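Here the structure comes first, spelled out in structure tokens, and everything after it is commentary.
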Amino acid sequence: MNPFVRDFFRIIFANLLVKPAWILTENGVQNVIGHESYGRYAALFSLTFILATMLDPGLTQYATREIAADNPGRQKIFGTILGIKLLLALVFPGVVWVGMVLWGYENWSMGLTLAGLQICLALLAFFRGAMQGLHLFTADAFFSIADKALLFPLLFLFWSGMTAERFAVMNLSVAIGCVAAASALLSRRIRFSLPHRRLIFDVLWQSRHFALMVLLYNMLDRLNLVLVERRLGSDVAGLFAGAHRWFGAFTMYLWTVLPILYAKFAKTQDHNLIGKGLPFVAIPLIWVGGFCIFHGEKLLFLFTKSTSEEVTIMTKTLSILGATLILAGIHNIFSTFLTATGKEKSVNILIIAAITVNVCVFMLMPRTLGACVGAWGLLAAHMVLFVGYPCLVKFKSRLPPPYSVLGRLTTFAILYLAVLKFTDDCVWWISTAWACMLSGVWAALVFRKELKKQSRP
């Protein structure tokens, strides 16, 4: 099997083993502690997640690119970046405290616990970025699921009397263990060294565009949850979190497979990989996005303590996020190519435009729509990115986007959604099976020749 395809399927298989079970488990946690309590937890987690940008001001992506490009000074760069991140970790709890004061939060113990969790997650992301740069994709796949896999036995032992605070502490404990294991593995492949003073300012300057991009992506991903909680209340935020959890889970597929492409783009600068990777990246999200649109309520079966009205609101929110998933599955590979080839500034401008549209739509939507307001804002933002990224590839990189592949993917999506629509009266699993089978056969016939052609050296 072609190494490119093998790496993709290895990552996908690892995540299919754990991630679906974890999402269902997290649904169960929310069902136990209640929408209001979980809504406060989710909003505070999102706030610390956005603030955690300071823990990684573009350093991970910069390190991945330099390591993947076989930079002779990559060992010094790695040590310097690690030192910078540890120094930033020392001041991060204070930043979280200021953020909580400004947004009106008072649960200080929860805030400090989540601050520690974000520090560990940032370090783990950095170590995984180094693994991607070294093309240790098997190790990267393992650490993409390790924290969730280790949480299962802890949750089983302490399920009785579960609270949001206890849930946060469990996440922190497991994250600490994963960071220790990842650092031990990396120490065998790249020697840890002290930060080099001459490199500190150079690294920060070189990664400045990445820094803004990380902040913007974090805001795009998490800002709406904070806005919903502050504008509409913790209970509504809990409902939005119940639906958004599936959106976040499915988009984690992107952040699992796209780093493989990022490392390859950085090393080869080959834009033909866009067309080669697009079917692998987009088709799974088109499948799950369509399912969320037509049968999203089937994913909410664990909310046994929720009222029928609450489940209906979450179902409507999830259907809107399903359309957003389809757009995200198609456009994100273009941003990966742009950032790997030095077009971070253009990407940042486009994301700023998307966030602006998101906030405007959110504020203009009537409050009576409840949790759906956050979903509509996110959909509008991704529509901006869906149109903008291919245009940037064409006009900034001066390279033609893979129009043929995009056309086939569009036809694939239309076919899949049409079958789901026309079989909507059938049992949900029969409708989904027919849609996946027909669209899958069509995709296999259409993309087989092209993938075979691009896999040649």
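The values are calculated or read from the model by the stated rules, or taken from the named source; none is laboratory data. All values reported here derive from a predicted model rather than from experimental measurement. Using ideal geometry, Cβ is built from the backbone for each residue, glycine included, and neighbour counts are taken over all protein chains shown.
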Open item on the list: I'd like to know if segment 376-383 contains one or more residues that are touching a Gly at 6+ places or on another chain (Cβ under 8 Å) and either surrounded by 20 or more Cβ atoms within 10 Å (Cβ to Cβ) or not in a helix (DSSP H, G or I) (or both).
Closed with: no
Task: Lone unmet requirement of (1) in contact with a Gly (Cβ under 6 Å, 6 or more places away or on another chain); (2) within 30 Å of Trp205 (Cβ to Cβ); (3) not basic (Lys, Arg) for Leu325 - done: (2)
TODO: Within segment 344-359, work out how many residues are crowded, with 19+ Cβ neighbours inside 10 Å and either touching a Pro at 6+ places or on another chain (Cβ under 7 Å) or of a type in the set (D, E, K, R) (or both).
DONE: 1
TODO: Looking only at segment 108-122, count how many residues are free of Cβ contacts under 8 Å to residues at least 60 places away in the same chain and farther than 18 Å from Leu151 by Cα.
DONE: 3
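Among Ser160, Ser173, which is farther than 22 Å from Ile260 by Cα, at pLDDT below 90 and of a type outside the set (Asp, Glu)?
Ser160 is the lone residue from the list that is farther than 22 Å from Ile260 by Cα, at pLDDT below 90 and of a type outside the set (Asp, Glu).
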Open item on the list: Which residue is surrounded by the most Cβ atoms within 10 Å (Cβ to Cβ), if the candidates are limited to segment 360-375 and must be outside any helix (DSSP H, G or I) and of a type in the set (A, V, I, L, M)?
Closed with: Ala371
TODO: Can you confirm whether segment 10-33 contains a residue that is small (Gly, Ala, Ser) and either closer than 30 Å to Trp205 by Cα or outside any helix (DSSP H, G or I) (or both)?
DONE: no
- [ ] Report yes if Glu344 is acidic (Asp, Glu), in contact with a helix residue (DSSP H, G or I) (Cβ under 7 Å, 6 or more places away or on another chain) and under 30 Å from Asp235 (Cβ atoms), otherwise no.
- [x] no
TODO: Quickly run through segment 147-190 and pick out the residues that are without any contact (Cβ under 8 Å) to a residue 60 or more places away in the chain, surrounded by 13 or more Cβ atoms within 10 Å (Cβ to Cβ) and basic (Lys, Arg).
DONE: Arg166
Open item on the list: Pull out all pairs, ordered by first then second residue, where Cβ-Cβ is under 6 Å, the residues are six or more apart or on different chains, the first lies in segment 51-72 and is closer than 21 Å to His135 by Cβ and buried (at least 24 other Cβ atoms within 10 Å of the Cβ), and the second is modelled with pLDDT of 75 or more and of a type in the set (S, T, N, Q).
Closed with: Thr64/Gln132
TODO: Give segment 295-351 a look and list any residue that's more than 29 Å from Trp429 (Cα to Cα), without any contact (Cβ under 8 Å) to a residue 60 or more places away in the chain and not in a helix (DSSP H, G or I), or say none.
DONE: Gly342, Lys343
Task: Residue check for Leu261: within 16 Å of Leu338 (Cβ to Cβ), touching a residue at least 24 places away in the same chain (Cβ under 8 Å) and either in contact with a Lys or Arg (Cβ under 6 Å, 6 or more places away or on another chain) or of a type outside the set (Phe, Trp, Tyr) (or both) - done: yes
Task: Subset of segment 387-409 (residues that are hydrophobic (A, V, I, L, M, F, W, C) and surrounded by 14 or more Cβ atoms within 10 Å (Cβ to Cβ)) - done: Leu392, Val393, Leu399, Val405, Leu406, Leu409
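For every residue, the table says whether it meets (1) surrounded by fewer than 22 Cβ atoms within 10 Å (Cβ to Cβ); (2) touching a helix residue (DSSP H, G or I) at 6+ places or on another chain (Cβ under 7 Å); (3) over 19 Å from Asp221 (Cα atoms); (4) modelled with pLDDT under 95.
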{"site": "Ser308", "(1), (2), (3), (4)": "yes, no, yes, yes"}
{"site": "Phe334", "(1), (2), (3), (4)": "no, yes, no, yes"}
{"site": "Leu385", "(1), (2), (3), (4)": "no, yes, no, no"}
{"site": "Thr411", "(1), (2), (3), (4)": "yes, no, yes, yes"}
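Can you pull out the residues in segment 194-218 that are out of contact with any Ser or Thr (no Cβ under 8 Å at 6 or more places or on another chain), among the aromatic types (Phe, Trp, Tyr) and at pLDDT below 75?
Those that are out of contact with any Ser or Thr (no Cβ under 8 Å at 6 or more places or on another chain), among the aromatic types (Phe, Trp, Tyr) and at pLDDT below 75: Phe201, Trp205.
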- [ ] Go over the candidates Val91, Val18, Val96 one by one and state the one that is among the β-branched types (Val, Ile, Thr), modelled with pLDDT of 90 or more, out of contact with any strand residue (DSSP E or B) (no Cβ under 7 Å at 6 or more places or on another chain) and surrounded by fewer than 21 Cβ atoms within 10 Å (Cβ to Cβ).
- [x] Val91
TODO: Might you check whether a residue that is within 19 Å of Leu285 (Cβ to Cβ) and within 25 Å of the chain's Cα centre (by Cα) occurs anywhere in segment 415-427?
DONE: yes
- [ ] For Phe240, indicate whether it is buried (at least 21 other Cβ atoms within 10 Å of the Cβ), at pLDDT 90 or above, of a type outside the set (D, E, K, R) and in contact with a Ser or Thr (Cβ under 7 Å, 6 or more places away or on another chain).
- [x] yes
Open item on the list: Being touching a Pro at 6+ places or on another chain (Cβ under 9 Å) and of a type in the set (A, V, I, L, M, F, W, C) narrows it down to one residue among Phe143, Phe126, Phe137, Phe158; which is it?
Closed with: Phe137
TODO: Filter segment 312-332 for residues that are closer than 20 Å to Thr411 by Cα and among the polar types (S, T, N, Q) and give the result.
DONE: Thr324, Asn332
- [ ] Please find, among Phe143, Phe126, the residue that is buried (at least 22 other Cβ atoms within 10 Å of the Cβ), under 30 Å from Val226 (Cα atoms) and of a type in the set (Phe, Trp, Tyr).
- [x] Phe126
